[in-house]
1. Would you mind stating whether GLU152 is in a strand (DSSP E or B) and open to solvent by less than 60 Å² (accessible area, probe 1.4 Å)?
2. Name the strands (runs of 3 or more DSSP E) wholly within the range 8-68 that hold at least 3 residues that are at pLDDT 95 or above and either surrounded by fewer than 16 Cβ atoms within 10 Å (Cβ to Cβ) or more than 14 Å from the chain's Cα centre (by Cα) (or both)?
3. Please pick out the residue among GLU120, GLU162 that is under 17 Å from the mean Cα position of the chain (by Cα), of a type outside the set (A, V, I, L, M) and crowded, with 16+ Cβ neighbours inside 10 Å.
4. Taking the range 69-95 on its own, how many of its residues are assigned to a helix (DSSP H, G or I) and open to solvent by less than 30 Å² (accessible area, probe 1.4 Å)?
5. Only one of GLN102, GLN130, GLN98 is of a type in the set (S, T, N, Q), part of a helix (DSSP H, G or I) and within 17 Å of the chain's Cα centre (by Cα); which?
6. I'd like the full set of residues that are more than 23 Å from LEU91 (Cα to Cα) and in contact with a Lys or Arg (Cβ under 6 Å, 6 or more places away or on another chain), limited to the range 1-54.
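The values are calculated or read from the model by the stated rules, or taken from the named source; none is laboratory data. The shown structure was predicted, so the numbers you read here are calculated from the model rather than taken from an experiment. Glycine also receives a Cβ, built like all others from the backbone with ideal geometry; neighbour counts cover every protein chain displayed. Only protein heavy atoms, including side chains, enter the accessible area calculation; ligands, DNA and RNA are left aside. Shrake-Rupley method; radii C 1.70, N 1.55, O 1.52, S 1.80 Å.
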Amino acid sequence: MSILHVPQGAKRIVCLTEEPTEILYALGEGERVVGISAYTVRPPEAKENKPVVSAFIGGSVDKIKALNPDLVIGFSDIQADLAKQLIAANLQVLIFNQRSIQDILEVIVDIGSLVEKRREAKVLVSSYIQRIEKVLDRVSLRSYRPKVYFEEWDDPLICGIEWVSEIIEIAGGNDVFKEKARGRSATERIVSADEVADLSPEVFLASWCGKPF
C-alpha cells in the first residue's frame, strides 16, 4: 500500500497580512485559515473566529508554530525578518511582493492554485476586472480630474504604493506622485512637504500603515 497521496493544497494556513485571509474566504476556503493578522477586517467572522498571531512587521513565531501550519503566507520585503525566523523554525513560508493591481490579481490566482481553486480564482479576478472597467467607462466621460496626494506614512513622508496610485487614476483622480509610486521600495517613495506643496494637490488622503491618523 502506498503511503503517498495526491496533494489537496495546504489545509492549515497562517496569514501574516489581511490580503490572503480575505482571498481565501472569498474563494470559500476560510476553514483553511488557522491564524491571522491583527489588521484583518474582512470578512468580520475571520477576526471573530481566528487567533491573531502577527502585526505587520512582527509576529509570534511560537504562536504560529503552535498552530501547526502547513503554509505561512506573508507580504513584502518588510516581513523579511519574520519570514526568516519562521523558515528557521522549519515552517513552509511563501512571501508575495505585489505592488500593482495586476500583481494583486496574479496573487489571487496563485493563492487559488494553492488550495485547488484556480478556476474559481480566475472567475473572481474576472469579476474585479469587469468592475474596474465599468468605473473607467464612467470616469472617461469626465473633463476634470482633481490632483490627489496620498500619504502612506508621515515620518518621513511617503507617498502611495503603485496600486494605490492606480486606484486614484481609475477613480478619476490625478496622482501627483504617480511616477514615484512605481518605486518598489518605500524609500523610493519618500517626499518632502515642499514637494507636496509645490504640486498643489486638491485632495489629501492619508492611510498610515498600522498607525492611527
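1. Numbers: in a strand (DSSP E or B): yes; open to solvent by less than 60 Å² (accessible area, probe 1.4 Å): yes.
Against the criterion (in a strand (DSSP E or B) and open to solvent by less than 60 Å² (accessible area, probe 1.4 Å)), GLU152 qualifies.
2. Details: elements: 13-15, 33-37, 52-54.
Where strands (runs of 3 or more DSSP E) fall fully within the range 8-68 and carry at least 3 residues being at pLDDT 95 or above and either surrounded by fewer than 16 Cβ atoms within 10 Å (Cβ to Cβ) or more than 14 Å from the chain's Cα centre (by Cα) (or both), they are 33-37.
3. Details: GLU120 fails: under 17 Å from the mean Cα position of the chain (by Cα).
Only one candidate qualifies: GLU162.
4. Of the residues in the range 69-95, the ones assigned to a helix (DSSP H, G or I) are 77-88.
Now narrow it down to the ones that are open to solvent by less than 30 Å² (accessible area, probe 1.4 Å): 79, 82-83, 86.
Within the range 69-95, residues that are assigned to a helix (DSSP H, G or I) and open to solvent by less than 30 Å² (accessible area, probe 1.4 Å) number 4.
5. Numbers: GLN130 fails: within 17 Å of the chain's Cα centre (by Cα); GLN98 fails: part of a helix (DSSP H, G or I).
The match here is GLN102.
6. LEU27, the sole residue that qualifies.
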